[in-house]
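J.: The structure follows.
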Amino acid sequence: MTEETQIDTVRAFNRVVTERLGVLEDRYLSRDRSLGLDRMLWEIGADGIEVRELRDRLGLDSGYASRQLRALEREGLITVAASEQDSRVRRARLTASGLAELGVLDRLSDELVEEILTPLSERQRAELVDATVTVRRLFTASEVTIVPADPATAAARRAVHTYHRTLDERFDGGFNPDRSLTAAADALRAPSGRFFLAVLKDAAVGCVGVTTDGAHAEIKQLWVAPEVRGLGIGSRLLATAEEAAASLGAGVVRLETNGSLTEAIALYRARGYREVAPFNDESYAHHWFEKPLSAGPGGPSGHVGFLGLGIMGLPMARRLARGGIPLTVWNRTPKADEELAAAGARTASSVAEVFARCETVFVMLRNEAAVDQVLRGAPGTLAALVAGHTIVNMGTLSPGYSAALAAEVEQAGGHYVEAPVSGSRAPAEEGKLVAMVAGRTDVVRRVVPLLAPMCARTTACGPVPSGLTTKLAANVFLIALVTGLAEAFHFGEKHGLDPHLLRGVLDAGQMASPISRVKTAKLVADDLTAQAAISDVHMNAELIGEAAAAAGVNVPLSDVCRALYGDAVARGDGAVAMVGIVRTIAAT
């Protein structure tokens, strides 16, 4: 999409939204005020607000804000008076009439939203709600500006103080700036340094500093506030610092970091930083990085590839892209995704293009046949692709196949890491997957930070194929658990039990877990929308059976489940959610 087309599309979106919500009506929500005045009432709220903060929050100049406030005062909806704590500060408060009017506005706003949602199907409602979340997130990202700042200003000092407090919370044993090689304010000023703030609605939500000693520059105090993480702000701050370092004449930029800051480490690797030997005596550092500025930010070595944009792969790739990682994606069936594109991800036309651009390539394909088709499309293809690259397999394959693939990749001059994940589509969307990682220790150490945007926990399991063996063991429990839940609801239904009552008992007891609560909700609602489809469960059950047979392990419960899910696939339920196994149980 060209820039001109993007502009036209956003303008068309603006017209549709303003018309549907009645933004431009003189009597918004059929009241006697415009939306601008009603917005002021909402912002003042039940607790009141300082006038200066109100102006900043709404982006209004003092004259216009004063006129709007006087209009609300004339209606008897607000009062504006000196603050009880500081007579120099004016504070706006709602009157009793104002509070009543705010309640009316809230009710009318709810009715407007219901009017929009009611004609839509459940799927359309979910799509619209998801779209509003995306729009809010991207609008917020576009509002953040990176500005130069004097490190001695109050805003800069507050940002650095918050950065230090964050380190104190994250580091084992806390953080004491007096024991760290922190940069003095003078070192972050011209002519030898720079300091920048990320600003949202006049509040600092990030910072970064850079100092130079001639040929080398050091990045200092890179911090992003929690409320804007995942919006690419860290990557923008780092790029700004790199540009400043280059303008100061540095040819190489350096930084050190603590091992607990996995998201930051992932960002550094993604932007082309290479781990090097320690270049200072920072007591809190575990890793030291540097990057030649002549290579330019985001060079090929810093790019990450992602193959497979299915039910799991697409939200996982979105998490990487939103984390500011330069991403190139490919799918066997071409799939355009606006969120990936908005986050800067590039769609490749071939697997070869992904490997040409990326050093580390994540593979999230459905089964071994798909992996063979993608990586071994022609004789010699795999060896040509993987030499000098790191393959991270995140799909669930048989341990034996994975071990053989690892040997083949290593023989071709590449590296191989297993990182299968536990979790379905919802945890993938939220970045709450659990990864079981296996491979050479030094390679795993480089890959783990890249998993941070996708995974809430990463466990190192040992050499290949211990990651996949661990995943299959976890799936033994998962399949038995969900199948047991489905049978419990079938049993209860046939005995006339209220499914809501049964759900309440199960969700309140010691047997409850996050996964059981999700699945009981789907069973009560008869929601068969797939997060993990029955066909995928059957495939996993087959892998468990094959691995058990190869090791001479008896798995009687898994054998029963494998047969049951095989029957479900045979009766045409392969595409429905895992809890849909209740239909096969009922039909048996």
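Where a number appears in this text, it was derived from the coordinates with a stated rule and is not lab data. Since the structure is predicted, the reported quantities are computational estimates derived from the model, not experimental observations. Every residue, glycine among them, receives a Cβ derived from its backbone with ideal geometry; neighbour counts consider all protein chains shown.
J.: If you place +1 on the Cβ of every Lys and Arg, -1 on the Cβ of every Asp and Glu, and leave all else neutral, what size is the dipole of the range 122-235 about its Cα centre, to the nearest 20 Debye?
T.: Dipole of the range 122-235, to the nearest 20 debye: 180 debye.
J.: Also: Report the longest stretch of the chain that contains none of the chymotrypsin sites (Phe, Trp or Tyr not before Pro) sitting in a DSSP loop with at most 15 other Cβ atoms within 10 Å.
T.: For chymotrypsin sites (Phe, Trp or Tyr not before Pro) (loop position, at most 15 other Cβ atoms within 10 Å), the longest site-free span of the chain is 280-588.
J.: Order these by the 10 Å Cβ neighbour count, fewest first: LEU248, LEU261.
T.: LEU248, LEU261
J.: What number, rounded to the nearest 500 deg cm²/dmol, is the helix-based mean residue ellipticity at 222 nm of the chain, given -39500 (n - 2.57) per DSSP H run of at least four residues and division by all its residues?
T.: -15500 deg cm²/dmol
J.: Something else now. Show me the three semi-axes of the equivalent ellipsoid for the chain, from the C-alpha gyration tensor (sqrt of 5 times each eigenvalue), largest first, rounded to whole Å.
T.: Here the semi-axes work out to 45, 37, 22 Å.
J.: Provide the gained length on full extension for the span GLU408 to LEU557, in nm with one decimal, where the gain is 0.36 nm per separating residue minus the Cα-Cα distance.
T.: 50.2 nm
J.: Rg/Rh for the range 83-222: what does it come to with C-alpha atoms and Rh from Kirkwood?
T.: 1.17
J.: Moving on to the next point. Filter LYS220/LYS291; LYS432/LYS519; LYS291/LYS432; LYS432/LYS471; LYS201/LYS432 down to the pairs with a C-alpha to C-alpha distance above 21 Å, please.
T.: LYS291/LYS432; LYS201/LYS432
J.: Charges only on Cβ, +1 for Lys and Arg, -1 for Asp and Glu: so what's the dipole of the range 16-117 about the Cα centre, in debye to the nearest 20?
T.: Roughly 500 debye, rounded to the nearest 20.
J.: With a ≥ b ≥ c the root eigenvalues of the C-alpha gyration tensor of the range 145-251, is it rounded (a/c under 1.5), prolate (a/b larger than b/c) or oblate?
T.: oblate
J.: By count of other Cβ within 10 Å, fewest leading, how are HIS164, HIS500, HIS303 ordered?
T.: Result, fewest neighbours first: HIS500, HIS164, HIS303.
J.: Rg and Dmax of the range 432-580, Cα atoms, in Å?
T.: According to the Cα coordinates of the range 432-580, Rg and Dmax are 17.4, 58 Å.
J.: How large is the charge dipole for the chain, taken about the Cα centre, if only the Cβ atoms of Lys, Arg (+1) and Asp, Glu (-1) carry charge, to the nearest 20 debye?
T.: With only Lys, Arg, Asp and Glu charged at Cβ, the dipole is about 400 debye.
J.: Under a point spin-label approximation (7 Å from Cα along Cα-to-Cβ), what is the ASN176-ALA12 distance to one decimal in nm?
T.: For the pair ASN176/ALA12, the computed spacing is 6.2 nm.
J.: Right, another one. Would you kindly state the longest site-free stretch of the chain, with sites defined as trypsin sites (Lys or Arg not before Pro) in a DSSP loop (not H, G, I, E, B) surrounded by at most 13 other Cβ atoms within 10 Å?
T.: Between exposed loop sites, the widest span is 202-570.
J.: What distance in nm lies between label points placed 7 Å from Cα along the C-beta direction at PHE491 and ASP567?
T.: A separation of 1.7 nm, rounded to one decimal place.
J.: Right, next: Can you put THR118, THR459 in order, fewest other beta carbons within 10 Å first?
T.: Going from sparsest to densest Cβ surroundings: THR118, THR459.
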